Amino acid sequence: MTVTVHAYISVTDLERGIAFYGQALGLSLRRRLDDDWAELDGASVPIFLLVRDRDPQSAGWTVHLDFLTDDLEASERRAREAGAELVREFQARVWGRMANMMDPFGNPFDLIEMAPGGYDRIQYPKQSG
């Protein structure tokens, strides 16, 4: 069996969504599938924007995406300039650093800068030492 992943992000305004994800993350419009539905290019999986009448969190359809970057500060600045909100200060982890963000439509996402070895640096269960 082959599994293909598509990510859907709920937005309240398709044009604002296309503009935000273009400016914040460098994604580009691949095609419009309807007046309220678009596919974006530039990520490792297809990302679709779908218009919903209300904000995603109150509707119970939240999404959480991680966008990996090689420059966390520049990516966070670019996302904020595009309209995102930094919801928690940068955090250092054994596998790298992250910034918790919120898009203009209420969807949470993380910007992640991996350390060499990334998630392979995690030891679970934790070894006492």
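The values are calculated or read from the model by the stated rules, or taken from the named source; none is laboratory data. Quick caveat: nothing in here was measured; it's all calculated off a predicted structure. Backbone-built Cβ (ideal geometry, glycine too); neighbour counts: all protein chains shown.
When each of Ser44, Ser58 is tested for being exposed (fewer than 14 other Cβ atoms within 10 Å of the Cβ), at pLDDT below 95, not charged (D, E, K, R) and not in a loop (DSSP other than H, G, I, E, B), the lone residue that passes is Ser58. Please name all residue pairs, on different chains or six or more residues apart, with Cβ atoms under 7 Å, provided the first residue is in segment 94-123 and is at positive phi and surrounded by 14 or more Cβ atoms within 10 Å (Cβ to Cβ) and the second residue is at pLDDT below 90 and in a helix (DSSP H, G or I). So the pair list comes out as Gly96/Gly118; Gly106/Pro56; Gly106/Gln57.
Of all residues in segment 10-36, exactly one satisfies the criterion of being hydroxyl-bearing (Ser, Thr, Tyr), at pLDDT 95 or above and either more than 13 Å from the chain's Cα centre (by Cα) or in a loop (DSSP other than H, G, I, E, B) (or both), namely Ser28. Only one of the numbered conditions (1) at pLDDT below 90; (2) closer than 23 Å to Ala19 by Cβ; (3) surrounded by 11 or more Cβ atoms within 10 Å (Cβ to Cβ) is violated by Asp66, and that is (3).
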